[in-house]
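The values are calculated or read from the model by the stated rules, or taken from the named source; none is laboratory data. In this text, all values refer to a predicted model and were calculated from it rather than measured experimentally. When we count neighbours, we look across all protein chains shown, and the Cβ atoms used for this are built from the backbone with ideal geometry, even at glycine. Note: accessible area is taken over every heavy atom of the protein model, side chains too, but ligands, DNA and RNA are not part of it. Shrake-Rupley method; radii C 1.70, N 1.55, O 1.52, S 1.80 Å.
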Amino acid sequence: MLSTSSDSHYQLKIASFNLFNFIAPPDACYEFDNIYTQEQWQKKLNWIAKYLNEHQPDVIAFQEVFSPDELETLTKACGLDYFSVLDSPQVMDDFIYSKPVVALASRYPIKEAVSVSVDKEWAAQMGLVSEFEFSRKPLRATVDLPKLGLCDCYVVHFKSKRTLFDAQDIKANSATSSFRKSSAGAELNTGQLLAIEALGRWGSSVQRGSEAALLRYAMVERRSQTQNPMILMGDFNDILSDGVLAALTSVDTRIKPQADMSQGAMGDIAHQLGFYRLQDSYDLYQASQYSLSEQARPATHYYFAQGSVLDYILLSSEFDAKNDLSLAEVGRYETYDRHLINPSFEHDSQSTDHAPVMITIAIRE
């Protein structure tokens, strides 16, 4: 456990929170009848505020934001004076919204905020279509943190595992679309529908994996220019160890780093790969002097009874205690999952289907 001595003000709490359909009435998300009553909406606001006030994160990333103005009001009321959201949810009809956005709130000044864009040239090299974009635009907010200075905080919500196209819809349209008929001209059979469903799922994986790879490139470009510490947090919609997201943390390479004395200490070849690496904060915590836990990592999302870790906070080398250039280390890792494993309808009925994750960083003096 972290010390509670006089150096406690050099500790920072970083969190990620999928809000699950954060949309103020009378607007709806996805379907015309998916609208909170005023009572339900207030209950949801109270649940989020309770989490923020009890856990006191200093920087927190949000996903599934349909009503950013209301979220800004809420977070500022909880002591997070700085807020950033740049994208806008898509409007399907006058009051029906789709494609929620991401946001970030902070106790410390946000000096710059930009939406991360796809590098079209590299996307083309990967064989992606010219129209390829992030399913939800990532946010980069540069926050001025105590003792650390400027830190680039990235918020993501990668493409879900939901299939890109529905096999049953294709079957329903097969009578009028020769493209969707079998080679014999007959209506699609069960085997073909299963294969089409597999295509749709793999299409989602291609989108999600491509987003991860292109984001990593954008982060490295920024890191090369500024040398700012990096924090990547959000809903990855996949297991980090899965091959689809391997680009985020992979260090398996045939590249031989070149000495660059213009970067000072970075001219040491031994540090170059580590300088651009991202690591899972949970792994850094497990390797730290503070970790006493031998329990399995708690899930952050459940599909029926199957739990998965979908929400992550990744950190650059400044937060790795084993790195010679370390400025801080992960002193605590918390998964707030009570509402998922032992819910109370009275308290949790309007909460979220994800478990917020939070780390406490101990900054070296």
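Points to keep in mind about this one:
- Other residues within the sphere of radius under 13 Å centred on the Cβ of GLY307, judged by their own Cβ, net out at -2 (K and R +1, D and E -1).
- With each label modelled as a point 7 angstrom along the Cα→C-beta vector, the GLU39-ILE341 pair spans 3.2 nm.
- Solvent-accessible surface of the chain, averaged per residue with a 1.4 angstrom probe and all protein chains in place: 51 square angstrom.
- Segment 1-123: C-alpha gyration tensor shape, a/c 1.5 cut-off, then a/b vs b/c: oblate
- Largest GNM mean-square fluctuation among ASP144, ASP93, ASP320, using the chain with Cα springs under 10 Å: ASP93.
- Chain lengthening between SER98 and GLU54 when straightened (0.36 nm per residue, less Cα-Cα): 12.8 nm
- FRET efficiency, ALA124 to SER250 (Cβ-Cβ, R0 30 Å, nearest 0.05): 0.85
- Extension gain, GLU197-GLN306: 0.36 nm per intervening residue step, less the Cα-Cα distance, totals 37.1 nm.
- Two-decimal log10 I(q)/I(0) for segment 322-365, as the Debye equation yields it once each C-alpha is a single scatterer, q = 0.28, 0.34 Å⁻¹: -0.97, -1.14
- Value of relative contact order over segment 42-145, rounded to a whole percent, pairs C-alpha under 8 Å and six or more apart: 26 percent
- Length-normalised contact order of the chain in % [C-alpha pairs under 8 Å, at least 6 apart]: 19 percent
- Listed values (i) 22.0, 77; (ii) 20.4, 63; (iii) 20.9, 67, entry calculated as Rg and Dmax of the Cα atoms in Å: (i)
- Neighbourhood net charge (9 Å Cβ-Cβ; Lys/Arg +1, Asp/Glu -1) for THR163: +1
- Largest GNM mean-square fluctuation across PRO26, PRO68, PRO109, computed for the chain with C-alpha springs under 10 Å, falls on PRO26.
- Sulfur and carbon atoms: percent of accessible area, the chain [1.4 Å]: 50 percent
- Cross-link pairs beyond the 28 Å C-alpha cut-off, checked among LYS76/LYS137; LYS43/LYS99; LYS44/LYS111; LYS76/LYS322; LYS99/LYS147; LYS13/LYS322: LYS44/LYS111; LYS76/LYS322; LYS99/LYS147
- Most mobile of ASN53, ASN228, ASN342 in a GNM of the chain (Cα contacts under 10 Å): ASN342
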